[in-house]
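Peer 1: Before I ask anything, here is the structure I am working with.
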Amino acid sequence: MTTFHLAELFSKQVEEHGGRECIVAGRRRLTYAQVDMEAGALAAALADVGIHPGERLAIDLPNCAEWVVTLLAAARLGAVVVPVTTSLGYHELKYLLRHAETGLVVAAQTAGELEYLETFEELIADLPDLHNLVTVGPDEMWYDDRIYQFADLVSRGKRREPPLVALDPATAPLAIVYTSGTMGKPKGAVLTHGNLVVTALETVHALEIVPDDRVLGAVPLFTVFGVHVVLSALLAGATLVLHDGFEPAEVLDLMEREKITVCHGVPTMFQLLMRDPSFGSRDLSAVRTGIIAGSPVSVDLVQRIRRWNDVQIAYGLTETGPTVTMTRFDDDPEARSRTVGRPIPGVEVRVMDVTTGTLHGPEAVGELAVKGPNVMTGYHRMPLETKRSITPDGYFLTGDLAALDERGYVTIVGRRKELIIRGGYNIVPRELEDVLRTHPAVDDACVVGIPNEILGELVCACVVPVEGAIVTADELKSYVREHVADYRVPDLVRFFDTFPLTGSGKVKRRELAQVVGMELATT
């Protein structure tokens, strides 16, 4: 019987590939046996300081080996990781740690000794569940019985038998991953071992990842996509090459030096790589495939990427662990470029009327609903939100507008919450964004609704022009008018140097709308 217990599956990879390179992170190179030893030792030490099954353990680290070791240690203990981005401000961090009822934080030594300890002292005073801090870094810090150094815990744990808690992978949570909050407060999706492992194994199968592969881990690990990249590499017995910060030239250096074969990313990451002045002279001949996901991808972009990386388009959400659908190598060219593929095995999808909840026929647009072993158990401490999001028969309502054809391929049209209602007409931003991106002077586009007393909302096209290009708002409106009905032509066009992004690379639509709204209010 196949198990979906992460720690047990990783142990099998250690048995088969113990001497093979598992993680490359900066100057550190660890084999599967070394990673297993560190994870087992850390698990033993964490058990000694009171981490028990179900305890929440926050990881506030950049992409590094310690991040992966902590995840594997938590899996051994039956503990629950709460990935946190290192860019959070004090109050945002406090909100997440309090909401997740976190008992321990593993964090980087990113601040001076006194400042960091003072921050922790403040957090402990405000967060009754938070008892311990584990710091990662080379500095010798003062610490008391609540503050430990990562290396010291691993060293201490080596003298103990590594624990391995038995659990039910279908119900035992492995992570609480918070949504990016592009349209509101982040929510903590509770994802089980099974939720995350099932989708990772399907990616291994679809991309044909093997132990000889070298997988780039440049997607931020605090995102569900980042966790997915880690698990799919480890469960294939491949080598995970980690990078933090995503400077395109540095990533290209790393890809050449480490002979990366599997390169995953969000569309923005691929755009930045191909925009780098040195891209054309790079030797990326080892790269064969990867996943592009996280936000909509245009046909033009995916075709340009496939000239050097035969990526698959995947669709998913934090709440679905993350994969729902994926294109395959044997799909026809049209389906591979214009859809997000078909559901992975075991996952069911249906398209429902946004207003009535009834099922739609083939090709009709409605809200995509998902059911399967990838769907979260619910939102942490949000029973009403969970009830609103999961139907009585177990379908998760994604909030995405989609069409499902007779062959089972899914096309994502846009977000239900992003729908703009102008003068009684429903306008889907994605459709206008796709048109705008085909203009030769437009590098990127994001369409948002701006409140208006008469029409309800105005349609505003936010545009990042191609560097050096000269284009006017009237030119872009005329261009869009050639492709769509008059009522969908943007009322406003605003130009930006860059868009504000979440840590996972998604545009902060609400922030863009607020910027434009404030501008209009002052004119």
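The values are calculated or read from the model by the stated rules, or taken from the named source; none is laboratory data. Everything numeric in this text was worked out from a predicted model, so none of it was measured. We place every Cβ from the backbone using ideal geometry, glycine too, and count neighbours over all the protein chains shown. Please note that ligands, DNA and RNA were not included when accessible areas were found on the heavy atoms of the full protein model with its side chains. Shrake-Rupley method; radii C 1.70, N 1.55, O 1.52, S 1.80 Å.
Peer 1: Could you check the range 391-401 and list, in sequence order, the residues that are within 21 Å of the chain's Cα centre (by Cα) and either over 30 Å from Ser337 (Cα atoms) or open to solvent by 30 Å² or more (accessible area, probe 1.4 Å) (or both)?
Peer 2: Of all residues in the range 391-401, those within 21 Å of the chain's Cα centre (by Cα) come to 396-401.
Within the range 391-401, Leu397 is the sole residue that qualifies.
Peer 1: Let me spell it out: the conditions are (1) open to solvent by less than 30 Å² (accessible area, probe 1.4 Å); (2) under 16 Å from Leu71 (Cα atoms), and Val24 meets all of them except one. Which number is the exception?
Peer 2: (2)
Peer 1: Assuming Val448 fulfils every condition listed in (1) surrounded by 22 or more Cβ atoms within 10 Å (Cβ to Cβ); (2) outside any strand (DSSP E or B) apart from one, which condition is it?
Peer 2: With (1) surrounded by 22 or more Cβ atoms within 10 Å (Cβ to Cβ); (2) outside any strand (DSSP E or B) applied to Val448, the lone miss is (2).
Peer 1: Given the criterion within 30 Å of Ile176 (Cα to Cα), open to solvent by less than 30 Å² (accessible area, probe 1.4 Å) and not hydrophobic (A, V, I, L, M, F, W, C), identify the matching residue among Pro345, Pro322.
Peer 2: Sole residue among the options that is within 30 Å of Ile176 (Cα to Cα), open to solvent by less than 30 Å² (accessible area, probe 1.4 Å) and not hydrophobic (A, V, I, L, M, F, W, C): Pro322.
Peer 1: Moving on. Looking only at the range 360-394, how many residues end up being of a type outside the set (Ser, Thr, Tyr) and part of a loop (DSSP other than H, G, I, E, B)?
Peer 2: Final tally of qualifying residues: 16.
Peer 1: Here is a further query. Would you pick out the residues in the range 300-338 that are in a loop (DSSP other than H, G, I, E, B), among the charged types (D, E, K, R) and touching a Ser or Thr at 6+ places or on another chain (Cβ under 6 Å)?
Peer 2: Of everything in the range 300-338, just one residue is in a loop (DSSP other than H, G, I, E, B), among the charged types (D, E, K, R) and touching a Ser or Thr at 6+ places or on another chain (Cβ under 6 Å), namely Asp310.
Peer 1: Note down all Cβ pairs under 7 Å where the first residue falls in the range 238-256 and is at negative phi, the second is part of a strand (DSSP E or B) and surrounded by fewer than 20 Cβ atoms within 10 Å (Cβ to Cβ), and they're at least six residues apart or on different chains.
Peer 2: Hits for this filter: Thr239/Glu21.
Peer 1: Scan the range 451-472 residue by residue and report those that are open to solvent by 30 Å² or more (accessible area, probe 1.4 Å) and closer than 25 Å to Thr268 by Cα.
Peer 2: Pro465, Val466, Glu467, Gly468, Ala469, Ile470, Thr472
Peer 1: Please list, ordered by residue number, the strands (runs of 3 or more DSSP E) wholly in the range 52-148 having 3 or more residues that are within 23 Å of the chain's Cα centre (by Cα) and at pLDDT 85 or above.
Peer 2: Answer list for the range 52-148: 56-60, 80-83, 104-108.
Peer 1: Regarding Ala73, is this residue open to solvent by less than 10 Å² (accessible area, probe 1.4 Å) and among the small types (Gly, Ala, Ser)?
Peer 2: Yes.
Peer 1: Go through the range 188-218 and count every residue that is within 16 Å of the chain's Cα centre (by Cα), touching a residue at least 60 places away in the same chain (Cβ under 8 Å) and not in a strand (DSSP E or B).
Peer 2: 6
Peer 1: Is it the case that the range 434-444 has a residue that's of a type outside the set (Asp, Glu), open to solvent by less than 10 Å² (accessible area, probe 1.4 Å) and touching a residue at least 60 places away in the same chain (Cβ under 8 Å)?
Peer 2: No, because not a single residue in the range 434-444 is of a type outside the set (Asp, Glu), open to solvent by less than 10 Å² (accessible area, probe 1.4 Å) and touching a residue at least 60 places away in the same chain (Cβ under 8 Å).
Peer 1: Within the range 402-433, work out how many residues are closer than 30 Å to Gly346 by Cβ, in a loop (DSSP other than H, G, I, E, B) and open to solvent by 30 Å² or more (accessible area, probe 1.4 Å).
Peer 2: Of the residues in that region, 6 qualify.
Peer 1: Can you name the residue in the range 443-470 that is over 26 Å from the mean Cα position of the chain (by Cα) and under 20 Å from Val299 (Cα atoms) and is also modelled with the lowest pLDDT among such residues?
Peer 2: Filtering the range 443-470 for residues over 26 Å from the mean Cα position of the chain (by Cα) gives 450-460, 465-470.
So of that shortlist, the ones also under 20 Å from Val299 (Cα atoms) come out as 465-466.
Numbers: Pro465: 94, Val466: 91.
So the residue we want is Val466.
Peer 1: Still on this structure, please answer the following. For the range 28-43, indicate whether the set of residues that are buried (at least 20 other Cβ atoms within 10 Å of the Cβ), touching a Leu at 6+ places or on another chain (Cβ under 9 Å) and closer than 22 Å to Asp129 by Cα is non-empty.
Peer 2: For the range 28-43, residues buried (at least 20 other Cβ atoms within 10 Å of the Cβ), touching a Leu at 6+ places or on another chain (Cβ under 9 Å) and closer than 22 Å to Asp129 by Cα: present.
Peer 1: If you go through the range 199-224, how many residues are surrounded by fewer than 23 Cβ atoms within 10 Å (Cβ to Cβ) and under 30 Å from Ile390 (Cα atoms)?
Peer 2: 5
Peer 1: Please go through the range 237-277 and give me each residue that is under 23 Å from Asp36 (Cα atoms), open to solvent by 10 Å² or more (accessible area, probe 1.4 Å) and in a loop (DSSP other than H, G, I, E, B), ordered by number.
Peer 2: His243, Asp244 - these are the residues of the range 237-277 that are under 23 Å from Asp36 (Cα atoms), open to solvent by 10 Å² or more (accessible area, probe 1.4 Å) and in a loop (DSSP other than H, G, I, E, B).
Peer 1: Of all the residues that make up the range 489-504, how many are modelled with pLDDT of 85 or more and either surrounded by fewer than 18 Cβ atoms within 10 Å (Cβ to Cβ) or outside any loop (DSSP other than H, G, I, E, B) (or both)?
Peer 2: Looking only at that region, the number is 9.
Peer 1: Being touching a strand residue (DSSP E or B) at 6+ places or on another chain (Cβ under 9 Å), free of Cβ contacts under 8 Å to residues at least 24 places away in the same chain, under 23 Å from Met255 (Cβ atoms) and open to solvent by 20 Å² or more (accessible area, probe 1.4 Å) narrows it down to one of Asp353, Asp310, so name that one. Quick ask: steps written out before the conclusion?
Peer 2: Details: Asp353 fails: under 23 Å from Met255 (Cβ atoms).
One residue alone meets the criteria, Asp310.
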